[in-house]
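Novice: Can you keep this structure in mind? I'll have questions shortly.
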Amino acid sequence: MTLWIGTTHDLEACLDVRRHVFINEQEIPEEEELDDLDGQAIHLLATDKGKPVATARLLFEGQLGKIGRVAVVLSHRGTGLGAEIMYAALDIMDERPEIKIVKLSAQEKVIGFYEKLGFIAQGPTYMDAGIPHRDMYRPADRPKDKKNVRL
């Protein structure tokens, strides 16, 4: 695997990964997956030999950093790539001293993955695009334990 992870202005490559994972695999309607927040976001892209294989979207609201639209294509799940793109997202959050809390909306089936990254589920389960989710939070200054976390 020849892997690269970084910020990108190639929104189409990120959207291709999201379409593949969320729209095609999880059958989320495109109008629910794609929104007007993409223009305000920092986008992370992971490529393997130049092919887009994972993405995440970062948004900022005052002291709150939001990580969302985390997607890894099926061929690269279980390799640690999900954790690596999350570490890259958390590194960007760490670079912004105003960010005190990092939030994400996790599908219930992957809450354990995010817990290994230091996130704590809070509040009730809610439906988003027909899939049960919970909000999860993590202090921005919490050390990142880069143990073997796989998605």
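The values are calculated or read from the model by the stated rules, or taken from the named source; none is laboratory data. No experiment lies behind these values; they were computed from the predicted model shown. Positions of Cβ are backbone-derived with ideal geometry, glycine not excepted, and every protein chain shown enters the neighbour counts.
Novice: Which members of the stretch 53-91 meet the condition of being of a type in the set (A, V, I, L, M, F, W, C) and touching a Gly at 6+ places or on another chain (Cβ under 8 Å)?
Specialist: ALA54, ALA56, LEU58, LEU59, VAL70, VAL72, ALA88 - these are the residues of the stretch 53-91 that are of a type in the set (A, V, I, L, M, F, W, C) and touching a Gly at 6+ places or on another chain (Cβ under 8 Å).
Novice: Next question. Tell me, which residue of the stretch 112-137 that is surrounded by fewer than 18 Cβ atoms within 10 Å (Cβ to Cβ) and aliphatic (A, V, I, L, M) is nearest to GLU32 (Cα to Cα)?
Specialist: ALA129
Novice: Now for a different question. GLU31 is checked against (1) more than 18 Å from TYR87 (Cβ to Cβ); (2) at pLDDT 95 or above; (3) of a type outside the set (Phe, Trp, Tyr) and fails just one. What number does that condition carry?
Specialist: Among (1) more than 18 Å from TYR87 (Cβ to Cβ); (2) at pLDDT 95 or above; (3) of a type outside the set (Phe, Trp, Tyr), GLU31 violates only (2).
Novice: Please state which of the following conditions GLU12 fails to meet, knowing it meets all the rest: (1) within 23 Å of ARG134 (Cβ to Cβ); (2) loosely packed, with under 15 Cβ neighbours inside 10 Å.
Specialist: (1)
Novice: Another one. Please go through (1) under 15 Å from LEU90 (Cα atoms); (2) at pLDDT below 95; (3) touching a strand residue (DSSP E or B) at 6+ places or on another chain (Cβ under 8 Å) for MET136 and return the number of the only condition it doesn't satisfy.
Specialist: (2)
Novice: Being under 23 Å from ARG19 (Cα atoms), touching a Lys or Arg at 6+ places or on another chain (Cβ under 8 Å), surrounded by fewer than 19 Cβ atoms within 10 Å (Cβ to Cβ) and among the aliphatic types (A, V, I, L, M) is the filter here; which residues of the stretch 50-109 pass it?
Specialist: LEU59
Novice: Sticking with this one: For the stretch 103-119, enumerate the residues that are in contact with a strand residue (DSSP E or B) (Cβ under 6 Å, 6 or more places away or on another chain) and either farther than 14 Å from PRO139 by Cα or in a strand (DSSP E or B) (or both).
Specialist: LYS103, LEU104, SER105, ALA106, GLN107, GLU108, ILE111 - these are the residues of the stretch 103-119 that are in contact with a strand residue (DSSP E or B) (Cβ under 6 Å, 6 or more places away or on another chain) and either farther than 14 Å from PRO139 by Cα or in a strand (DSSP E or B) (or both).
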